[in-house]
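I have placed the structure first, in the form of structure tokens, so that the comments after it can refer back to it.
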Ligand SMILES: Nc1ncnc2c1ncn2[C@@H]1O[C@H](COP(=O)(O)OP(=O)(O)OP(=O)(O)O)[C@@H](O)[C@H]1O
Ligand SMILES: [Mg+2]
């Protein structure tokens, strides 16, 4: 049996920190000696751009070395893996063409299981400890694919007035997915972009505490301009500025996630 754990980051609320969290947790896991594969599932290419500049990201699109090409042609994803500049950390890039993925999936048989099949050889090979998948801010057939291929789901939530809006829909969606993919577990909520001085921060924590049996990771990711600087430089914050608060927070969040996954 493969020991690879597939973890997806999803929230239909846009801008909640999915891509930032996926990129930085992946980096910190690789720093901890784990083998990690990042899979960019969003047409915005934000995960790809976290590791490669725009020119390289567009070159991947042009050479059809992307998740879009693999999914639409139902190919094994092994051939789409690109090494990043960091040891033990690889990436499968996304494509701007992912904007039409819902239409592409529609006529296909077992359309919600295509990603799982395309990933199956990589998972079975056991060459990675973790595969982290970044999702777009939608709840359609493609996100169903992402969840059906995953063992664990992490929902990044922004500590802001609208941060929790739509979370109930997200929970319903996951419950429906579990009827066809019972392996997926909601691992926890990761609070991102927090400013402890603002009343929304406290409100977010209180509202989340009102949900029964919901895990909220202890590590909170606070607002930090180092994140944006690192993204501007196409690198994870821990590589951009090791001494930053965010680097430490993402290191702690990655540790927590690895601990929870093994439970
Ligand atoms: N801790 C942080 N401090 C400051 N800015 C942050 C932080 N985390 C994320 N951001 C910024 O917030 C924005 C949204 O983050 P991100 O792209 O990770 O969210 P997302 O959920 O992936 O968005 P989308 O739904 O569009 O995919 C980005 O511009 C990012 O630079
Ligand atoms: Mg994103």
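Of the peptides 223-229, 113-119, the order by per-residue mean of other Cβ atoms within 10 Å, starting with the highest, comes out as 113-119, 223-229.
Quarter the surface of the alpha carbon convex hull of segment 126-253 and you get the mean projected area, 9.2 square nanometres. Among 240, 27, 68, the ranking by other beta carbons within 10 Å of each residue's beta carbon, starting with the fewest, stands as 240, 68, 27. Restricted to Cα atoms, segment 5-261 shows a radius of gyration and a Dmax of 17.1, 51 angstrom. Overall dimensions of segment 96-190, expressed as equivalent-ellipsoid semi-axes from the Cα gyration tensor (√(5λ), whole Å, largest first), are 23, 18, 13.
Per residue, the convex hull spanned by the Cα atoms of segment 42-125 amounts to 89 cubic angstrom. Taking one quarter of the surface of the C-alpha convex hull of segment 60-101 gives a mean projected area of 3.1 nm².
Three semi-axes describe the equivalent ellipsoid of segment 1-149; taken as square roots of 5 times the Cα gyration tensor eigenvalues and ordered largest first, they are 21, 17, 15 Å.
DSSP finds beta bridges in the chain, and of those with both partners inside it, around 5 percent are antiparallel. Rounded to two decimals, the Cα-based Rg/Rh of segment 195-263, with Kirkwood Rh, is 1.04. Normalised by 2.2 N^0.38 Å, where N is the number of residues, the C-alpha radius of gyration of segment 1-88 stands at 1.11. Remark on segment 128-171: hydrodynamic radius 12.0 angstrom, per the Kirkwood mean of 1/r across alpha carbon pairs. Descending by average beta-carbon neighbour count within 10 Å, the peptides 250-257, 214-221, 170-177 line up as 250-257, 214-221, 170-177, the highest first.
Orientation-averaged projection of segment 79-132 equals 4.8 nm² [convex hull of Cα atoms, one quarter of hull surface area].
Taken together, the values in this text are just the output of simple stated rules run on the coordinates, not laboratory data. None of the values given here were measured: they were computed from a predicted structure. With ideal geometry, Cβ positions are generated from the backbone for all residues, glycine too; neighbour counts draw on all protein chains shown.
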